[in-house]
């Protein structure tokens, strides 16, 4: 064989080997059809006669990254998922993700959806798992006749058996299907007044366990009966209503993914007016924690310093949870530079929290939770106090 022919043969052979290796690699791991749109994925599903498997992830989700790194690249994963499904993955905070999250009620990550080729939901799996547990879990969903669609169909056809409803609600809780659960509970509450819901303990517990907010008229009607709730049940049952107002206030803070975008002061002022109309407990505190959150997102340390002063004067009324103070003070200590006034207020706030923790320890009747740090066991209060002291030492 002359030299020219040998080179040509060698080149062709290399290309063939590379093509073969690429083919092997393509089937050795899960093929998520990168670059395809949701519409294209559904079309592929119809053409191939296979359901769709969607990996719903976010960029900040640790378990999502673990699945992408450790599970889906495995040969066994590729053999299973590529054979049974048209696979796709989507960042739920970008592109088509937010709309799909709303459409399929995705509220936890990672969530894995199994869809029919028409886009209808067949099954949902929430959470990561090693491959030897993940494949059986997905296979069970794929072959389970009594899955989510079965419960949806039964409910739509009027099944209101108590055992069935308990199973359906538990399924929705396990799958984090908050919007679907809310629609189901709203249907169950049709014809019931707020007073009837509050009077019946089972109904009220179901109400509290559902994502009702101050945007819902039913929530507002129940909140007007807060005093009745307090007398019928316990303080936690009433403060759960107050917590919903606190969470609602944060709707004035806008995000892009997890990144702070802006704060709508007009929206917040309208919300305050609504809180006053319904005599919400702790309006001033709700305003404080909301504006503190905004200042923190903006890294507005001057405003945060003012709230630290207020917290000290009010005996810890601004930050009711000492744990929330630690990262805030650490961040301020790292960024206050040579600003003497800022250094003093951060130091005072850290000392105040140490004193507060000591008082809480003295007055507490419950045994403290133990934590292990660097092989050393200590109480949660000791852990926090040690870290507050580190901040003080740093600013000396």
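The values are calculated or read from the model by the stated rules, or taken from the named source; none is laboratory data. All values reported here derive from a predicted model rather than from experimental measurement. In this analysis, Cβ positions are derived from the backbone assuming ideal geometry, glycine residues included, and neighbour counts consider all displayed protein chains.
Candidates are the residues of the range 214-223 that are surrounded by 13 or more Cβ atoms within 10 Å (Cβ to Cβ) and assigned to a helix (DSSP H, G or I); the one that is farthest from the chain's Cα centre (by Cα) is 221. Could you check, for the range 323-344, whether at least one of its residues is at negative phi, exposed (fewer than 15 other Cβ atoms within 10 Å of the Cβ) and not in a helix (DSSP H, G or I)? Yes, the range 323-344 contains at least one residue that is at negative phi, exposed (fewer than 15 other Cβ atoms within 10 Å of the Cβ) and not in a helix (DSSP H, G or I). Among the residues of the range 157-213, those identified as outside any helix (DSSP H, G or I) and either assigned by TED's automatic domain parsing to the domain that holds residue 113 or under 27 Å from residue 234 (Cα atoms) (or both) are 176, 189, 190, 191, 192, 193, 200, 209, 210, 211, 212, 213.
Of all residues in the range 142-195, those being within 27 Å of residue 71 (Cα to Cα) and buried (at least 16 other Cβ atoms within 10 Å of the Cβ) number 7. Only residues that are under 20 Å from residue 120 (Cα atoms) and surrounded by fewer than 14 Cβ atoms within 10 Å (Cβ to Cβ) were counted in the range 47-94, giving 3. For the range 260-279, does any single residue satisfy the condition of being within 25 Å of the chain's Cα centre (by Cα), in a strand (DSSP E or B) and either in contact (Cβ under 8 Å) with a residue 60 or more places away in the chain or surrounded by fewer than 15 Cβ atoms within 10 Å (Cβ to Cβ) (or both)? Checking the range 260-279: at least one residue is within 25 Å of the chain's Cα centre (by Cα), in a strand (DSSP E or B) and either in contact (Cβ under 8 Å) with a residue 60 or more places away in the chain or surrounded by fewer than 15 Cβ atoms within 10 Å (Cβ to Cβ) (or both).
I'm trying to understand the selection: among the residues of the range 233-248, which are over 11 Å from residue 275 (Cα atoms) and in a helix (DSSP H, G or I)? Walk me through how you get there before you give the answer.
Restricting attention to the range 233-248, the residues satisfying the condition of being over 11 Å from residue 275 (Cα atoms) are 233-241, 243-244, 247.
Answer for the range 233-248, where residues must be over 11 Å from residue 275 (Cα atoms) and in a helix (DSSP H, G or I): 235, 236, 237, 238, 239, 240, 241, 243, 244, 247.
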